[in-house]
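Data block below; observations after.
The values are calculated or read from the model by the stated rules, or taken from the named source; none is laboratory data. All figures in this text were calculated on a predicted structure; none of them were measured in a lab. Positions of Cβ are generated from backbone atoms using ideal geometry, with glycine treated the same way; all protein chains shown enter the neighbour counts.
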């Protein structure tokens, strides 16, 4: 199968083009370093061709870890006889920034006799501002065909497919030599010459960017201002967490009503016995309790997608650099840390873009304390139990959303404190200077963001669903036998839980919560399903009452609820996170030490919280 390589600089829209051409929907973030793995897919309209999306890089002389990955794989791929074509993506609105890498790639392709086509992306932005790129002149200048395209609108992609379908090796050999001779040698002097050539080509054939730069500078004066920038950043973060409750509440209510309604309809058809008990306790009380929180995952991903696609996220990293530097971190640490709000695993991968090894190490320490979406069902459950669904300021601020904002802030502060303490007490090498490219402001593409959010929610269900189902079945079997659920305390689960109870009793938690906490180390969201199953077995027959009402009926003390929140905010995340952390840091010792340290910190902090709440 012939392969087509897709390469380009960060923020050139390369992965968005990949999604357009293949019909796949990989995560696209509007800041450098997010694409750190190779993605492959068949072209939607040319299924005989395989498209390979390479990590974005600024040069074939790598600096960061993700650039090393890109350059190493590209060098190997260009030697592959199956590679039939190379597509090099440049940002048409910032040609000079992209052309240096493009010229390097053109040079390497000509050396190896590979076909190459340059795609000048962001054509829709140029058209909106009535600007143009001299594609024919640019093609003559670099010695390779240039097509103006738009990943956002699909403009020019039919020409790309036509070229891929009709291009031949003879056409490659017939390509004209570039007007600006590409140097044969590959050293620093040659790179300097390519820099100069890129500048000349951009000045001669690129669109005048004065208008685009003027608009961006005006926006940056507001978003990066010393007062307005900090205020807007705080407002954005507050809106993010308010939206998780406010926007998702109708959908959550609908899911809860659907689960209850479906349960009320199904259970009367089942005869008394083990099947009916399993359906009521494990399926509707266990799995159903978890499904209620899926809309919040969608909302969280959607809002973060808006920030990424608009170009604001890189500005947020710049705003955060100065305060993060105090803790030994970098502005680029903000991006993995915010990604950790969705899931720690891609956040750990994203930390590859941090050039400084010490800042990357400290970021690894902070990421597990970021409040990931798997913790969200736990937080939501406990907030719904103790915090009323009331609003203030005319409905603009909800107490539940404000509480969630504080919990997320608590986790982030803990991450910063841990990084800061380790940075102060341990010796390490000097940090590499911080540099961050600010992408152009863009209107977010709502449909792709919504599609990615749906896929994220589905992935959350499918990834956690099998684990939750497995744990739920085990918990139900242990809780149902040997007395068919007549006395949960005398069941196998009760015996196991009471053996662990002394560990959690100082937190005001009985054995039921202890079992749910232990099961949550497989995946944080398992806590809700496990607790729902236990409450379902313990409750009245055919009880499909929502888990919030069941826990409220059990009279869980406020101090214990706060202790649970603190424990989950600090305890290291699921076993998958530990495995990825060990692999990325190349140290199982570090991962195990972090697990033990964070568990001890979590228990002590939860105990202090419980004692303070009891005293107050």
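Quick notes
- Filter result for residue 448 (modelled with pLDDT of 70 or more and either buried (at least 18 other Cβ atoms within 10 Å of the Cβ) or not assigned by TED's automatic domain parsing to the domain that holds residue 319 (or both)): yes
- When region 349-359 is filtered for residues that are surrounded by fewer than 24 Cβ atoms within 10 Å (Cβ to Cβ) and either outside the structural domain of residue 509 (by TED's automatic domain parsing) or at pLDDT 80 or above (or both), the ones remaining, listed by number, are 357, 358.
- Set 566, 526: member being modelled with pLDDT under 80, surrounded by 24 or more Cβ atoms within 10 Å (Cβ to Cβ) and either in contact with a helix residue (DSSP H, G or I) (Cβ under 6 Å, 6 or more places away or on another chain) or closer than 27 Å to residue 260 by Cα (or both): 526
- Against the conditions (1) buried (at least 20 other Cβ atoms within 10 Å of the Cβ); (2) in contact with a strand residue (DSSP E or B) (Cβ under 7 Å, 6 or more places away or on another chain); (3) within 24 Å of residue 352 (Cβ to Cβ), residue 84 satisfies every one except (3).
- Residue within region 549-570 that is over 28 Å from residue 389 (Cα atoms), in the same structural domain as residue 364 (by TED's automatic domain parsing) and out of contact with any strand residue (DSSP E or B) (no Cβ under 9 Å at 6 or more places or on another chain) present: no
- Single unsatisfied condition, residue 328 versus (1) surrounded by 20 or more Cβ atoms within 10 Å (Cβ to Cβ); (2) assigned to a helix (DSSP H, G or I): (2)
- With respect to the stated conditions, residue 342 fails to be under 24 Å from residue 375 (Cα atoms), at pLDDT below 85 and either surrounded by 23 or more Cβ atoms within 10 Å (Cβ to Cβ) or touching a strand residue (DSSP E or B) at 6+ places or on another chain (Cβ under 7 Å) (or both).
- Only listed residue being at pLDDT 85 or above and either in the same structural domain as residue 14 (by TED's automatic domain parsing) or in a loop (DSSP other than H, G, I, E, B) (or both), chosen from 44, 120, 70: 120
- Condition check for residue 243: modelled with pLDDT of 80 or more and surrounded by fewer than 18 Cβ atoms within 10 Å (Cβ to Cβ): no
- Residue match in region 167-179 (condition: farther than 19 Å from residue 105 by Cβ, modelled with pLDDT of 65 or more and assigned to a helix (DSSP H, G or I)): no
- Considering (1) under 26 Å from residue 192 (Cα atoms); (2) at pLDDT below 75, the lone condition that residue 6 does not fulfil carries the number (2).
- Within region 585-610, residues that are without any contact (Cβ under 8 Å) to a residue 24 or more places away in the chain sit with their Cβ atoms under 7 Å from residues that are not in a helix (DSSP H, G or I), at 6+ positions apart or across chains, in these pairs: 595/572.
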